[in-house]
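One structure is given here, and the rest of the page talks about it.
The values are calculated or read from the model by the stated rules, or taken from the named source; none is laboratory data. Note that the structure is predicted; figures quoted are calculated from it, not measured. Cβ atoms come from the backbone with ideal geometry, glycine included; neighbour counts cover every protein chain shown.
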Amino acid sequence: MKDTIILGIESSCDETAASLVKNGQDILANIVNSQISIHQQFGGVVPEVASRKHIENIAVVVDAAFKESGLSYSDIDAVAVTNRPGLIGALLVGLSFAKSFAYALNKPLIAVNHLHGHIYANSLAHKNIEFPAICLVVSGGHTSLLYMKNIGEYEIIGETRDDAAGEAFDKVARFMGLGYPGGPEVQKAAEQGQLGKVKLPRVFLDKNDFEFSFSGLKTATMNEWKKMERRGEQNVHDMAAEFQAALVEVLVEKTMRAAARYKVKTVLIAGGVAANQALRNLMQEKAGENNLQLFYPPLALCTDNAAMIAGTAYHSYTNGDFAPLNINAYPGLFVPVKN
């Protein structure tokens, strides 16, 4: 049987990425050009700056992927690209390039949902995942719990009502002067802190649902930080430790409740915040107590990358699910329905 090689392109936020993946599993090349150092001075991603950098980098990144894999353009079977959700200008750079590339090579184009890519990153790293499963998707823009019947079959059973977990990390880190990106900076500070020195709320909302809310935790953290400042008792390490614990405990507890409710034996974590070591450790501990199998991607596949896009596209390719060349990009999770 002939191997299927797909070029994946990812540009939904501030990473310009290209990857070549064989048969939806074997990563032949995975190139990521990060803009973190550029956006750090602003404390977050500036959409127009991100778009301009994608334009500068995308052809270079794609060529680097082909060079690393030792393949030529004609060796690929399809071009896959993220077309939602994300920063609209950034998405359009990747989508426009992918359309042109597919058209020039007379290869099919496959549109991929960015969050589906994050979920599929687990399948790139692990071949023995048993379904059904509960998947926690936790990133800068999204925090959701999904019931998965199989790869590609998802049902959203809960999501954040306001700030995503990664967004809360970024805002709190910026407020306390820790820098960007917030997740790694808070984790680093928390490692030197002591839990229990500060008290922050654990927001579970209704115990019978799987919804999240981190806006209140963010506000409580900022208010407590100001009170500590007035008392001359500010300790960034203790505050970081408490904030991280308050956020992670809710994520893990809700995931465990969902696994029990849906009677699954497998739990997945996906998205950029899946790189957080405190989240991994607590999820591993609770999964063990509940006899659950836990899977999460290696760090390189947690953050935005194109291998997850090319891998996800393999199943669309085998089903003949191709995109037209006039397909658009969408900033939201869902494509608007035209009346």
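Just a few scattered comments:
- Residues (in a helix (DSSP H, G or I) and crowded, with 19+ Cβ neighbours inside 10 Å) located in the range 186-196: VAL186, GLN187, ALA189, ALA190
Residue-wise test of (1) out of contact with any Phe, Trp or Tyr (no Cβ under 6 Å at 6 or more places or on another chain); (2) among the polar types (S, T, N, Q); (3) more than 20 Å from THR303 (Cα to Cα).
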position	(1), (2), (3)
GLU15	yes, no, no
LEU20	yes, no, no
GLN41	yes, yes, yes
ARG52	yes, no, yes
ALA59	yes, no, yes
LEU87	yes, no, no
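- Pairs with Cβ under 6 Å, 6+ apart, first in the range 99-125 and under 30 Å from LEU136 (Cα atoms), second hydroxyl-bearing (Ser, Thr, Tyr) and surrounded by fewer than 24 Cβ atoms within 10 Å (Cβ to Cβ): ILE110/SER316
- From the list LEU292, LEU251, LEU268, LEU301, the one residue that fits, being closer than 19 Å to ALA168 by Cβ, at pLDDT 95 or above and either surrounded by 21 or more Cβ atoms within 10 Å (Cβ to Cβ) or among the hydrophobic types (A, V, I, L, M, F, W, C) (or both), is LEU251.
- GLY183 fulfils the conditions (1) part of a loop (DSSP other than H, G, I, E, B); (2) buried (at least 18 other Cβ atoms within 10 Å of the Cβ); (3) not basic (Lys, Arg) except for a single criterion, (1).
- Some residue of the range 17-38 being surrounded by fewer than 21 Cβ atoms within 10 Å (Cβ to Cβ), without any contact (Cβ under 8 Å) to a residue 12 or more places away in the chain and farther than 30 Å from VAL186 by Cβ: yes
- Residues of the range 73-84 include none that is under 17 Å from GLN25 (Cβ atoms), basic (Lys, Arg) and either assigned by TED's automatic domain parsing to the domain that holds SER213 or under 21 Å from the mean Cα position of the chain (by Cα) (or both).
- Being farther than 30 Å from LYS99 by Cβ and crowded, with 23+ Cβ neighbours inside 10 Å is a condition met by no residue of the range 309-327.
- Residue check for PHE322: out of contact with any His (no Cβ under 6 Å at 6 or more places or on another chain), farther than 26 Å from TYR154 by Cβ and at pLDDT 95 or above: no
- Number of the condition not met by VAL45 [criteria: (1) buried (at least 18 other Cβ atoms within 10 Å of the Cβ); (2) outside any strand (DSSP E or B); (3) out of contact with any helix residue (DSSP H, G or I) (no Cβ under 6 Å at 6 or more places or on another chain)]: (3)
- Hits in the range 51-91 (condition: closer than 20 Å to TYR317 by Cα, part of a helix (DSSP H, G or I) and among the small types (Gly, Ala, Ser)): SER74
- Test: residue in the range 123-142 that is outside any strand (DSSP E or B), in the same structural domain as GLY182 (by TED's automatic domain parsing), surrounded by 24 or more Cβ atoms within 10 Å (Cβ to Cβ) and touching a Leu at 6+ places or on another chain (Cβ under 9 Å): yes
Rundown of residues vs (1) within 26 Å of LEU28 (Cβ to Cβ); (2) in a helix (DSSP H, G or I), yes/no style:
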| site | (1), (2) |
| --- | --- |
| VAL93 | yes, yes |
| VAL112 | yes, no |
| TYR147 | no, no |
| PHE169 | no, yes |
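- The number of residues in the range 148-172 that are surrounded by 20 or more Cβ atoms within 10 Å (Cβ to Cβ) and touching a Cys at 6+ places or on another chain (Cβ under 8 Å) comes to 1.
- Taking the range 226-304 and the helices (runs of 4 or more DSSP H) fully enclosed by it, the elements with 1 or more residues that are among the β-branched types (Val, Ile, Thr) and in the same structural domain as LEU195 (by TED's automatic domain parsing) are at 236-261.
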